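Novice: Once you've had a glance at the structure underneath, I'll fire off some questions.
The values are calculated or read from the model by the stated rules, or taken from the named source; none is laboratory data. These numbers come from a predicted model, not from an experiment. Note: ideal-geometry Cβ built from the backbone for every residue, glycine included; neighbour counts use all protein chains shown.
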Amino acid sequence: MSTSPIDFVAAWAAAMRRRPSKRLDPAEDRAFWQQYAAEYDVRAGSAGAVPRCLALVAGLLGPDDTLLDVGAGTGRFTLPLARHVRSVTALDQSAAMLDMLERKASLHGITNIRRVEADWPNASVEPHDVVLAAWSLYRQLDIGAALARLVAVTRRTLVVLDGVGNDPPHRPLFERYFGAWSESELPNHLYLAGALWQQGLLAEVRIVTETRIIAGETAHAIAGQLAPLNTPPEVVTALAYDLAPLLAPHEDGYRYVYQQAAGAVIWHADCETQRR
Ligand SMILES: C[S@@+](CC[C@H](N)C(=O)[O-])C[C@H]1O[C@@H](n2cnc3c(N)ncnc32)[C@H](O)[C@@H]1O
């Protein structure tokens, strides 16, 4: 039982349980990523999707550092950041995601990445200079334990990136077509900073705004990139029609441009002004 006047840990658990797209069961979540790895890599997994988040993390790294990327996925942080550090440990529960990460690493001649297929927070890893968890804590009902373990393996800086609950222009349309909004609806970054605060740790919170650009020859191609996995073709066609007002003509097709904010929670191990 928390003695904190505000229980961010309990509020996070309640929020995660309410999420429409929750995959709290580890086997169900692994099965999802097994099926979705290639599609994730195309839709969201490229470093180009998060240039400002990448710049923020890169700015915290030095050439002799070791970096641990928890929930590394297909490597959109691991791969570009590997060039800034001595070595990276890419930890993920999903073999499919790590397979793709490894394929991309070898394609680009990156050789300083170690693969660890394991489940957080039960994984056994040694401390690293910098630890990153980007959009990978959604399954942690006990966020206090997950963060405590991240802190325990952080020698210098911990960075957690997550949604802030902002609404892109296509949200109302997607709710009409697919029901509940499956992205972060809540300021996850505040719960995370609050949960650290409950452990006596003061973290910085920064908002990072990325410009997302989805391009396609037709509105249908853009709708297909945005629609949930396995959306029937006729639904994509109808969605494309309704999405059209949000698209702008561009070169040989169209572009949908919108702002997507992320929250960065940054904790420095040497911060002398911890809460208590
Ligand atoms: C949304 S993807 C984010 C991947 C990457 N960090 C990025 O920003 O592109 C979430 C990743 O976290 C991994 N993940 C989720 N929960 C995990 C856990 N408890 N232990 C290890 N990996 C986990 C998933 O397998 C998936 O690859």
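Novice: Tell me yes or no: at least one residue of segment 61-71 is closer than 21 Å to Q35 by Cα and either touching a Lys or Arg at 6+ places or on another chain (Cβ under 9 Å) or within 16 Å of the ligand (Cβ to nearest atom) (or both).
Specialist: Looking for residues that are closer than 21 Å to Q35 by Cα and either touching a Lys or Arg at 6+ places or on another chain (Cβ under 9 Å) or within 16 Å of the ligand (Cβ to nearest atom) (or both), one finds at least one in segment 61-71, hence yes.
Novice: Taking the stated definitions as given, is E210 exposed (fewer than 15 other Cβ atoms within 10 Å of the Cβ), under 28 Å from L61 (Cα atoms) and in contact (Cβ under 8 Å) with a residue 40 or more places away in the chain?
Specialist: Numbers: exposed (fewer than 15 other Cβ atoms within 10 Å of the Cβ): no; under 28 Å from L61 (Cα atoms): yes; in contact (Cβ under 8 Å) with a residue 40 or more places away in the chain: yes.
Against the criterion (exposed (fewer than 15 other Cβ atoms within 10 Å of the Cβ), under 28 Å from L61 (Cα atoms) and in contact (Cβ under 8 Å) with a residue 40 or more places away in the chain), E210 does not qualify.
Matching residues to (1) at pLDDT 95 or above; (2) among the charged types (D, E, K, R); (3) over 30 Å from G200 (Cα atoms):
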| position | (1), (2), (3) |
| --- | --- |
| R17 | no, yes, no |
| G48 | no, no, yes |
| R52 | yes, yes, no |
| A55 | yes, no, no |
| L61 | yes, no, no |
| G71 | yes, no, no |
| P80 | yes, no, yes |
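Novice: Can you tell me how many residues within segment 86-107 are more than 16 Å from the ligand (Cβ to nearest atom) and not small (G, A, S)? Even if it seems obvious, please write down each step before you answer.
Specialist: Our first condition is that a residue be more than 16 Å from the ligand (Cβ to nearest atom); within segment 86-107, this holds for 86-87, 106-107.
Filter again for not small (G, A, S), leaving 86, 107.
Total satisfying the criteria: 2.
Novice: Something else about it: Step by step: first the residues of segment 172-189, then only those that are in a loop (DSSP other than H, G, I, E, B) and not acidic (D, E), then the one that is farthest from R17 (Cα to Cα). Which residue is that?
Specialist: Going through segment 172-189, the residues in a loop (DSSP other than H, G, I, E, B) turn out to be 179-187.
Filter once more, so that each one left must be not acidic (D, E): 179-182, 184, 186-187.
Working: G179: 17, A180: 14, W181: 14, S182: 13, S184: 12, L186: 13, P187: 15 Å.
Result: G179.
Quick grid of which residues meet (1) on the phi > 0 side of the Ramachandran plot; (2) crowded, with 24+ Cβ neighbours inside 10 Å; (3) in contact (Cβ under 8 Å) with a residue 40 or more places away in the chain:
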| position | (1), (2), (3) |
| --- | --- |
| G75 | yes, yes, no |
| A82 | no, no, no |
| R86 | no, no, no |
| A95 | no, no, yes |
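Novice: Quick one: in segment 113-132, which of the residues that are more than 10 Å from the ligand (Cβ to nearest atom) and closer than 20 Å to G45 by Cα is surrounded by the most Cβ atoms within 10 Å (Cβ to Cβ)?
Specialist: By that ranking, first place goes to V131.
Novice: Might you let me know whether segment 240-256 holds any residue that is within 24 Å of S184 (Cα to Cα) and part of a strand (DSSP E or B)?
Specialist: Let us first name the residues in segment 240-256 that are within 24 Å of S184 (Cα to Cα), namely 240, 242-243, 246-247, 255-256.
Okay, now just the ones that are also part of a strand (DSSP E or B), so 255-256.
Yes, segment 240-256 has at least one match.
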